[in-house]
Amino acid sequence: MYDAIIVGGGPAGLTAAIYLLRACKKVLVIEKEAFGGQILKSSNVMNYPGFSSIKGLELGNLFYEQAKGMGMESLYGEVTSITKEKDFFLVNVSSQEYKSKTLIYAAGLHPRKLSFASFDRFIGSGVSFCATCDGAFFKDKTVCVVGGGNTAVDDALYLSNICEKVYLIHRREEFRAEPIHIQKLKEKKNVIVLQNTVVTDILGEQKIEKVVLQKEDEKEEIFVDGVFVAIGSIPNTSILKDFVPLNSNGYILTNLFLQTSVPGFFAVGDVREKKVRQLTTAVSDGTIAAIEVQNYLDET
Ligand SMILES: Cc1cc2nc3c(=O)[nH]c(=O)nc-3n(C[C@H](O)[C@H](O)[C@H](O)COP(=O)(O)OP(=O)(O)OC[C@H]3O[C@@H](n4cnc5c(N)ncnc54)[C@H](O)[C@@H]3O)c2cc1C
């Protein structure tokens, strides 16, 4: 029986683990992909206090090594269900069950995909969700970025320094990105902005050759080597439906102490309803939940 099982080994989950281990609690952190979480994909982090500039991969590994060095038990695997018995949680990973008195859910987000049949076939073969991770593969080539928020505009700016030509394709007229970013983009000679335009298909055999665009009733094909998708994220909460209350976008609802309405079940980091999703807010959540878990364990 663990004092706490933490689902997700990103910054929020690992911070919670560090605090609980310092309080001598028995903790298991379960991670399905890579300890460190989303930040591993960042080429350069410049807003995490203590580091004026650090690679995301290095920072994520430092979080992990700190928790591991303090005696964290960790498990690679995907949590596929969580249930509550009378006073403990049962967490299922590859048909194995793990028991814990409390649960900290720190499973983060995954990127939203484009919804046409050929899309999945090109993921990793020309379709990317991370410009800073994969941009270098498209040096001196032509790519498109799909989206209209800050991430899409930032990605287009970043890629304009690497690629020969960058299309920014947005389905609406107005961008959600901040005007200063859009202004910078307009100054770039190798960026073409296509508004009110939707990507309806990707064409190619082994690799991407073209994308099909639709603007009102007009269809057009443009030659690209890569497609960067930045159209938002989906919280990793599908296993929680009917277990804890979620908002209409699937984010977990918590109170100020990061408790959900299920006693002993806490939610931290990007996966919960909040306005700012950053490293500093994720580690803050991990801290608060770990302290509240200790209070909960003392009281029950
Ligand atoms: C490219 C990129 C660049 C970024 N740059 C910055 C930056 O410069 N500064 C900044 O402050 N923030 C940045 N961020 C945002 C920051 O990375 C996130 O806010 C932060 O990682 C959130 O931490 P988290 O622990 O809540 O979630 P995550 O980092 O998403 O970690 C959640 C973990 O849970 C795991 N998981 C999910 N479901 C399961 C399951 N069922 N079973 C087991 N494990 C599961 C996932 O694999 C993941 O490792 C960036 C994000 C990206 C994608």
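Every read-out reported here was derived from the displayed coordinates using simple, explicitly stated rules and does not represent laboratory data. What you are looking at is a predicted structure, and each value in this text was computed from that prediction instead of being measured. Note that we place each Cβ from the backbone using ideal geometry, even for glycine, and neighbour counts take in every protein chain shown.
Looking at this model, which pairs from LYS32/LYS113; LYS68/LYS99; LYS41/LYS68; LYS113/LYS188; LYS139/LYS188 are more than 23 angstrom apart at the alpha-carbon?
LYS113/LYS188
Expressed as a whole number of Å, what is the distance separating the alpha-carbon centroids of the range 239-300 and the range 88-124?
Using only Cα atoms to place each centre, the spacing works out to 17 Å.
Can you give the Rg to Rh ratio of the chain, both from alpha-carbon atoms, with Rh computed by the Kirkwood formula?
1.03
On the first, second and third principal axes, largest extent first, how far apart are the outermost C-alpha atoms of the range 113-229 in Å?
38, 34, 22
Please identify the cysteines of the chain that lack any partner cysteine with a Cβ under 4.7 Å from their own Cβ.
Isolated Cys, the chain: CYS24, CYS144, CYS163.
Given the options TYR48, LEU114, LEU28, identify the residue whose Cα lies farthest towards the positive end of the charge dipole of the chain (+1 on Cβ of Lys, Arg; -1 on Cβ of Asp, Glu).
Selected residue: TYR48.
In straight Cα distance, which aspartates and glutamates are under 12 Å from LYS25, not counting same-chain residues fewer than 8 positions off?
Here the aspartates and glutamates satisfying the reach criterion relative to LYS25 are ASP3, GLU73, ASP298.
At a Cα cut-off below 19 Å, give the aspartates and glutamates reachable from LYS241, other chains included and same-chain residues fewer than 8 away excluded.
Leaving aside aspartates and glutamates fewer than 8 places away in the same chain, those within reach of LYS241 are GLU78, GLU85, ASP270, GLU273.
How would you rank 121-132, 69-80, 281-292, highest first, on the average number of other Cβ atoms within 10 Å across their residues?
Top to bottom by mean Cβ count within 10 Å: 281-292, 121-132, 69-80.
Rounded, prolate or oblate, given the Cα gyration tensor of the range 50-191, with a/c below 1.5 counting as rounded?
Prolate, since a/c reaches 1.5 and a/b exceeds b/c.
With a cut-off of 15 Å, note down the residues of the range 139-173 whose backbone N falls inside the zone around a label point 7 Å from the Cα of LYS186 toward its beta carbon.
Inside the label zone: 173.
How about the range 116-220: which GluC sites (Glu not before Pro) there lie in a loop by DSSP and see at most 11 other Cβ atoms within 10 Å?
Listed in order of number, the matching sites are GLU173, GLU174, GLU187, GLU205, GLU216.
When the scattering of the range 234-300 is computed by the Debye formula from its Cα atoms alone, each counted once and equally, what is log10 I(q)/I(0) at q = 0.19, 0.22, 0.25 Å⁻¹?
Treating every Cα as an identical point scatterer, log10 I(q)/I(0) equals -0.71, -0.92, -1.12.
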